[in-house]
């Protein structure tokens, strides 16, 4: 993150498991959600509602919030993708 001149405001340890309720709370402050799963990139407009599909995309097979998860202004980015990071954060 330092290379991209992004200042980290809060960092949560990976050992702290975040649940579906935490994912919903994160989305309440967001207007758009980007999710990277492998090579698949998804985008959700969550400004009006927090849809089940958006929340499900944020969670891994264990039901916990997938990592990394970044909150940048009103954007939430879940998962890692160079392409996505370049497009959204670039």
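The values are calculated or read from the model by the stated rules, or taken from the named source; none is laboratory data. Quick caveat, the model's predicted, so the values are computed rather than measured. When we count neighbours, we look across all protein chains shown, and the Cβ atoms used for this are built from the backbone with ideal geometry, even at glycine.
Quick notes
- Boolean, residue 18 is out of contact with any helix residue (DSSP H, G or I) (no Cβ under 6 Å at 6 or more places or on another chain), modelled with pLDDT under 90 and surrounded by 12 or more Cβ atoms within 10 Å (Cβ to Cβ): yes
- Residues of region 54-82 that are in contact with a strand residue (DSSP E or B) (Cβ under 7 Å, 6 or more places away or on another chain) and over 15 Å from residue 25 (Cβ atoms): 57, 66, 70, 75, 77, 79, 80, 81.
- Hey, residue 36 touching a residue at least 40 places away in the same chain (Cβ under 8 Å) and assigned to a strand (DSSP E or B) or not: yes
- Annotation: of all residues in region 58-78 being outside any strand (DSSP E or B) and in contact with a helix residue (DSSP H, G or I) (Cβ under 9 Å, 6 or more places away or on another chain), the one that is surrounded by the fewest Cβ atoms within 10 Å (Cβ to Cβ) is 63.
- Region 4-22 residues that are farther than 16 Å from residue 66 by Cβ, paired with ones that are modelled with pLDDT under 80 (beta carbon under 6 Å, 6 or more apart): 8/1
- Residue 48 being modelled with pLDDT under 90 and out of contact with any strand residue (DSSP E or B) (no Cβ under 8 Å at 6 or more places or on another chain): yes
- Cβ-Cβ contacts under 6 Å between residues 6 or more apart (or on different chains), taken from a first residue in region 72-90 that is farther than 19 Å from residue 39 by Cα to a second residue that is modelled with pLDDT of 90 or more, are listed as 74/30; 74/31; 75/32.
- Qualifying positions in region 21-45 - touching a strand residue (DSSP E or B) at 6+ places or on another chain (Cβ under 9 Å) and farther than 19 Å from residue 74 by Cα: 37
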